[in-house]
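To start, the structure under review is shown below, and the notes come after it.
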Amino acid sequence: MDFGLAAIGAGLAAIGVGIGIGRIGGSAVEGISRQPQAINEIRGSMILAAALIEGVGIFAVAAAFLVLILKK
């Protein structure tokens, strides 16, 4: 039972990260299309936000696997 819940938690974290980074990319493309002269600022903000979201996802997956290891 613990394995199933940890796997669901890790999967939900990965899905959340995918959705978040997808929204960031879409918003960045929209912003660049509206203001092409701000491409460098938008790109920098997009990379920073994507890195932070990816870090949260990795933390969530690691926490789910730690639950598995510590329960045994």
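The values are calculated or read from the model by the stated rules, or taken from the named source; none is laboratory data. Values in this document were obtained by computation on a predicted structure and should not be read as measured data. With ideal geometry, Cβ positions are generated from the backbone for all residues, glycine too; neighbour counts draw on all protein chains shown.
Checked against the criterion of being of a type in the set (Val, Ile, Thr), within 16 Å of the chain's Cα centre (by Cα), assigned to a helix (DSSP H, G or I) and surrounded by fewer than 12 Cβ atoms within 10 Å (Cβ to Cβ), the candidates ILE15, ILE24 yield just one match: ILE15. Can you find a residue that is in a helix (DSSP H, G or I), modelled with pLDDT under 90 and surrounded by 14 or more Cβ atoms within 10 Å (Cβ to Cβ) anywhere in the range 40-60? For the range 40-60, residues in a helix (DSSP H, G or I), modelled with pLDDT under 90 and surrounded by 14 or more Cβ atoms within 10 Å (Cβ to Cβ): present.
Among the candidates ALA63, ALA51, ALA28, ALA38, single out the residue that is small (Gly, Ala, Ser) and closer than 14 Å to ALA6 by Cα.
On the way: ALA51 fails: closer than 14 Å to ALA6 by Cα; ALA28 fails: closer than 14 Å to ALA6 by Cα; ALA38 fails: closer than 14 Å to ALA6 by Cα.
So the residue among ALA63, ALA51, ALA28, ALA38 that is small (Gly, Ala, Ser) and closer than 14 Å to ALA6 by Cα is ALA63.
A search for C-beta distances below 8 Å between a residue of the range 18-44 that is of a type in the set (S, T, N, Q) and any residue that is exposed (fewer than 12 other Cβ atoms within 10 Å of the Cβ) and modelled with pLDDT of 95 or more, counting only pairs 6+ apart in sequence or on different chains, returns nothing.
Just to be sure, is VAL67 under 19 Å from the mean Cα position of the chain (by Cα) and either among the basic types (Lys, Arg) or modelled with pLDDT under 95 (or both)?
On the way: under 19 Å from the mean Cα position of the chain (by Cα): no; either among the basic types (Lys, Arg) or modelled with pLDDT under 95 (or both): yes.
No: the conditions fail for VAL67.
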